[in-house]
Amino acid sequence: MVDAIVSPLLEQLISISYEEAKQQVRLVAGVGKQVKKLTSNLRAIQAVLNDAEQRQVKEESVRLWLDQLKEASYDMEDVLDEWITARLKLQIEGVDENALVRKKPVCSFFLSCCIGFKKVVLRRDIAQKIIEINENLDDIAKQKDVFNFNVIRGSTEKSERIHSTAIINVSDVRGRDEEKNTLKSKLLCESNEQQNAVQIISLVGMGGIGKTTLAQFAYNDKDVIENFDKRIWVCVSDPFDEFRIAKAIIEGLEGSLPNLGELNSLLEYIHTSIKGKKFFLILDDVWTDDYSKWEPFHNCLMNGLCGSRILVTTRKETVARMMESTDVISIKELSEHECWSLFKRFAFSGRSPTDCEQLEEIGRKIVGKCKGLPLAAKTIGSLLRFKKTREEWQLILNSEMWQLEDFEKNLLAPLQLSYNDLPPEIKLCFLYCVVFPKDYDLDKDELVRLWMAQGYIEKKGNIEMEMTGGWYFDFLASRSFFQDFDEDEEGIVTCKMHDIVHDFAQYLTRKEFAAIEVDGDENPLSLTSTCQEKLRHLTLTLGLRAKFPVSILDAKKLRGLILFYDCQGELAASRGLQGLFDQLTCLRALKIEDLTLGDKTIEIPRGLENLIHLRYLQLSSVEELPETCCELLNLQTLDCLSLIRLPQGIGKLINLRHLIFDEFGVDYVPNGFERLTGLRTLSGFTVARVDGEYSSKACNLEGLGNLNHLRGFLRICGLGNVTDADEAKNAHLEKKKNLVCLILDFTKREDEDYEEAPMWMNEENEAKQEAICEALRAPPNIESLKITGFEGRRLIFSCNWTVSLDKLKRLNLKFFPRCEIMPPLGKLPSLEILTVRSVNSVKKVGDEFLGIEIRDHNHIHGTFSSSLSSSIVAFPKLEQLTLRSMDELEEWDFVKEDITIMPKIKSFTLRYCMKLKSLPDQLLRSTTLESLEIDAVPIVEENFKKDTGKDWSKISHIPNILISRRYEQGGPSR
């Protein structure tokens, strides 16, 4: 794991040396030599790190040496960060850095007068720190020679693994009835779909979840035994030894081994041996997802008789996919009842009924800590078998899992295997997850940004760091380190970490990570100075009666602080923050979250600018940030959902990648914002009035022009304040290829109630808004679009727009007070959901809505004859259509042409169209329509009354009909 810190540090040093040589600048005379010496020492240390990482498990002295190296590396990162930040600050301020390196005292004097004595002193301080770190690293490099480390290019030694066997007492298997029945059914089912098909079934789940036990159950089941000619059990483990596996399969088939020395001969022997045989092969504990290793076995095993089965157990979804599994069974936790049954078998063995009764209550609480993990229930149950008193059981209940005496020997072992299989950089990412409390909903995007803030994700060529972080997350997820995945409509992915996995990570990080809860006046931290020196990440939860514990300010090397607090209590967060900003200046991530989402806000005190290393800042209850926050030049993420005003100097934050706030809350975007070309996430952009309060301070719409890395969601407000179509064109929305959700809001900022605004107010803006909308040009990969407050008479989806919107799935048009003609939306090829609301001036919906101009009954566009019209489809993928508050709408009909309209429509909702007389037959007679809802459309409602309405027969085939908020047919799903 230390290598994951040292390697990027070494690359950074090399990069700095290169830049110095290229630009012929240096911080202070002589520092260049120190950097070269640091680089040389780190290279020598890096060469032996693999050996050291392996030996630290059994050698305490090596572990202490690695701790020293880690501490020195952290210090080095901080100093280099100071150096880079100082140079960046000069660059932003437009100061010539060469001017700082003069050696003559007289020159130094004049320079200090020109650019400030404080800056020169700062740089000399940095130089002195580099020298001190170099001396420390010199000692560490010399110490390595004492251990006689070997230079190992890759990790060759594997952790000790226990090989599984097929032997089990089936009656001892607790629970898993559903999984057992499913698996047994798949093993015994005869499939006629493929001749000579050998099906592969995979059991996937985290270590200790019971995959091997379930496979043993299947292997020893009486019906399974009778169904197959041959059964073979092979514990594959890691590494994937082709010779050993081939020999094990042959021995299972034949009972003895032939005298063959080549792998090809062994595989040919298997191919011949299984011909005409119906076999059941279990490959337990498969780790490799390298198809080249599996392919030779796959080819020879397919020679078995139809009905043969291969059952694979693995912790990796990638293995199941690589092996082309026909069925993948995900093994989940035991139910509470099943877990209790397993626990009782071990913990209550040999006890009297009276003892069992007295211990049951506390025993059930202990089982709750196992969170359905069979190995945990079995391990803790075995441990408690020899604990006689209630006090001993209570001690186990009150202990953290990783503090238990058998944790390392039993529970840790299977998790350690999964952990050891991770690349070094992903190990760091996994361990960082322990900063969140148990049962916390981990947000994938937030997690990636926090990993970036800690430097765990390196920039690699043109690959986005966020993309690399997403791969790291998926890597951990595919290896069962995460569970309970959920994805909302906006694509936000959340998951949880199993409590036992959390305990395991806590065990590995107990010196560097701490989680503390405070709910009173007591000081929670009684850390020794050594612990405080090593503490790097802290999660602090402050309850209703808590006061800010000033003792955390002694942990001066903290790199991450997550603070959860109850805003209803007496927590004076701002008072605590003052000391935090002054003392904890190594912080790279700071997250302060109000647990109750109350209406109180925090006022940020002086000193925020001291956190020069800060990359991630999340404040849930802050309305305004001080201007000094714009000195945080390394900031990558600024997440303040309650923010109502951006700081005026935000353009200085040139490393900012994610700016998150309530998209409705910000009054304007300050000048200089256009410099933030690295932004990936931007919640909203507000265009201020030219003659308004903020006009002199505000950035206009062109400020978006070079922000082409934007991705995900973007809301643009105040488009009614744009005065020139060229300004809209120069926003270059079409270049923002990673945007998938866009909101265009044409209302002016001061129009709070634009739905009720008089129509005559904006007559002069009609042509202008039409031109601006046309000039905006939608991004090419947009999937969701909402346009609101448009004041033109006609919203034209021209060729430019239509070509750009070929991936559009959701469209929402809202509050168009002057629009008289429905836009031609039928030609949007991917549109699935359409909502039109308060398009108040439309009186008739006709063929223009379909996007097809019909001149007469025989020609379409004067080109297509009626014989070809049947091949024309309007709204080809539309499934949901909603029209609401169309005040002037009277007619809706399409020309009687043989044109396919909405062939996939499932749901149609019509509300508050008081003047509408009828609906088009082409829509009503659709056989795909499953739901029809009509409300406040009096004439149509009267015609559609069940049995008595003259048009009831047109809709009677629709399964669910809701009219006037009453179900005439069908009803809500139960």
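The values are calculated or read from the model by the stated rules, or taken from the named source; none is laboratory data. Since the structure is predicted, the reported quantities are computational estimates derived from the model, not experimental observations. Positions of Cβ are generated from backbone atoms using ideal geometry, with glycine treated the same way; all protein chains shown enter the neighbour counts. Remember, those area values only see protein heavy atoms, side chains included, never the ligands or the DNA or RNA. Shrake-Rupley method; radii C 1.70, N 1.55, O 1.52, S 1.80 Å.
Here are the numbers for the structure shown:
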| read-out | value |
| --- | --- |
| Among residues of region 260-313, those that are part of a loop (DSSP other than H, G, I, E, B) and closer than 25 Å to Ile329 by Cα, counted | 12 |
| Verdict on Val328 being open to solvent by 60 Å² or more (accessible area, probe 1.4 Å), within 21 Å of Tyr219 (Cα to Cα) and in contact with a Ser or Thr (Cβ under 7 Å, 6 or more places away or on another chain) | yes |
| Search result, residues across region 378-392 that are assigned to a loop (DSSP other than H, G, I, E, B) and within 18 Å of Trp340 (Cβ to Cβ) | Arg385, Lys387 |
| Condition broken by Phe475, with the remaining ones in (1) part of a loop (DSSP other than H, G, I, E, B); (2) within 21 Å of Gly208 (Cα to Cα); (3) open to solvent by less than 60 Å² (accessible area, probe 1.4 Å) satisfied | (1) |
| Subset of region 770-798 that is closer than 20 Å to Lys736 by Cβ, open to solvent by 10 Å² or more (accessible area, probe 1.4 Å) and part of a helix (DSSP H, G or I) - its residue that is modelled with the lowest pLDDT | Glu774 |
| For Gln618: the one exception among (1) open to solvent by 10 Å² or more (accessible area, probe 1.4 Å); (2) in a loop (DSSP other than H, G, I, E, B) | (2) |
| Residue pairs meeting the criteria (Cβ under 7 Å; at least 6 apart or on separate chains; first under 18 Å from Ile562 (Cα atoms), in region 488-516; second at pLDDT below 85 and open to solvent by less than 30 Å² (accessible area, probe 1.4 Å)) | Ile516/Leu525 |
| Test for Val501: is it more than 23 Å from Leu739 (Cα to Cα), open to solvent by less than 30 Å² (accessible area, probe 1.4 Å) and either touching a strand residue (DSSP E or B) at 6+ places or on another chain (Cβ under 9 Å) or at pLDDT 85 or above (or both) | yes |
| The lone exception for Leu257 - which of (1) open to solvent by less than 70 Å² (accessible area, probe 1.4 Å); (2) free of Cβ contacts under 8 Å to residues at least 60 places away in the same chain; (3) of a type in the set (A, V, I, L, M, F, W, C) it fails | (1) |
| Filter result (of a type in the set (Ser, Thr, Tyr), open to solvent by 20 Å² or more (accessible area, probe 1.4 Å) and touching a strand residue (DSSP E or B) at 6+ places or on another chain (Cβ under 9 Å)) within region 910-937 | Tyr912, Ser918, Ser931 |
| Top-ranked residue of region 943-966 - restricted to ones that are under 41 Å from the mean Cα position of the chain (by Cα) and not aliphatic (A, V, I, L, M), ranked as surrounded by the most Cβ atoms within 10 Å (Cβ to Cβ) | Asn960 |
| Residues (touching a residue at least 24 places away in the same chain (Cβ under 8 Å) and on the phi > 0 side of the Ramachandran plot) located in region 939-969 | Ser964, Arg965 |
| Test set (1) of a type in the set (Val, Ile, Thr); (2) open to solvent by 20 Å² or more (accessible area, probe 1.4 Å); (3) assigned to a helix (DSSP H, G or I) - Val940 fails condition number | (2) |
| Lys735, sole failed condition from (1) modelled with pLDDT of 90 or more; (2) more than 26 Å from the chain's Cα centre (by Cα); (3) open to solvent by 70 Å² or more (accessible area, probe 1.4 Å) | (2) |
| Of all residues making up region 669-703, the number that are assigned to a loop (DSSP other than H, G, I, E, B), open to solvent by less than 10 Å² (accessible area, probe 1.4 Å) and under 23 Å from Ile92 (Cβ atoms) | 4 |
| Considering residues of region 891-903 that are surrounded by 15 or more Cβ atoms within 10 Å (Cβ to Cβ) and not β-branched (Val, Ile, Thr) only, the residue farthest from Val842 (Cα to Cα) | Glu897 |
| Which numbered condition Asp887 fails, given (1) assigned to a helix (DSSP H, G or I); (2) in contact (Cβ under 8 Å) with a residue 24 or more places away in the chain; (3) open to solvent by 20 Å² or more (accessible area, probe 1.4 Å) | (1) |
| Count of region 716-732 residues which are crowded, with 18+ Cβ neighbours inside 10 Å and either on the phi > 0 side of the Ramachandran plot or touching a strand residue (DSSP E or B) at 6+ places or on another chain (Cβ under 7 Å) (or both) | 4 |
| Extreme residue, farthest from Gln880 (Cα to Cα), among residues of region 943-974 that are among the hydroxyl-bearing types (Ser, Thr, Tyr) and not in a helix (DSSP H, G or I) | Thr948 |
| Near pairs, Cβ below 9 angstrom, 6+ apart or cross-chain, from region 637-659 (closer than 17 Å to Leu611 by Cβ) to any residue that is open to solvent by 40 Å² or more (accessible area, probe 1.4 Å) and part of a strand (DSSP E or B) | Pro647/Glu624 |
| Test for Val57: is it modelled with pLDDT of 60 or more, surrounded by fewer than 19 Cβ atoms within 10 Å (Cβ to Cβ) and not in a helix (DSSP H, G or I) | yes |
| Verdict on Val204 being within 29 Å of Leu375 (Cβ to Cβ) and in contact with a Lys or Arg (Cβ under 9 Å, 6 or more places away or on another chain) | yes |
| Filtered residue count, region 655-668, keeping only those that are under 24 Å from the mean Cα position of the chain (by Cα), buried (at least 17 other Cβ atoms within 10 Å of the Cβ) and at pLDDT below 95 | 3 |
| Criterion (out of contact with any helix residue (DSSP H, G or I) (no Cβ under 9 Å at 6 or more places or on another chain), modelled with pLDDT under 90 and surrounded by fewer than 20 Cβ atoms within 10 Å (Cβ to Cβ)) met by exactly one of Asp441, Asp421 | Asp421 |
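Here is a yes/no grid of residues against (1) modelled with pLDDT of 80 or more; (2) part of a helix (DSSP H, G or I):
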site: Glu466; (1), (2): yes, yes
site: Gly470; (1), (2): yes, yes
site: Phe485; (1), (2): yes, no
site: Ala505; (1), (2): yes, yes
site: Leu527; (1), (2): no, no
site: Lys556; (1), (2): yes, no
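To keep it simple, each residue is scored yes or no on (1) in contact with an Asp or Glu (Cβ under 8 Å, 6 or more places away or on another chain); (2) at pLDDT 85 or above; (3) closer than 27 Å to Met914 by Cβ.
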{"site": "Ile833", "(1), (2), (3)": "yes, yes, yes"}
{"site": "Asn840", "(1), (2), (3)": "yes, yes, yes"}
{"site": "Lys844", "(1), (2), (3)": "yes, yes, yes"}
{"site": "Leu850", "(1), (2), (3)": "no, yes, yes"}
{"site": "Glu853", "(1), (2), (3)": "yes, no, no"}
{"site": "Leu868", "(1), (2), (3)": "no, no, no"}
{"site": "Ser871", "(1), (2), (3)": "no, no, no"}
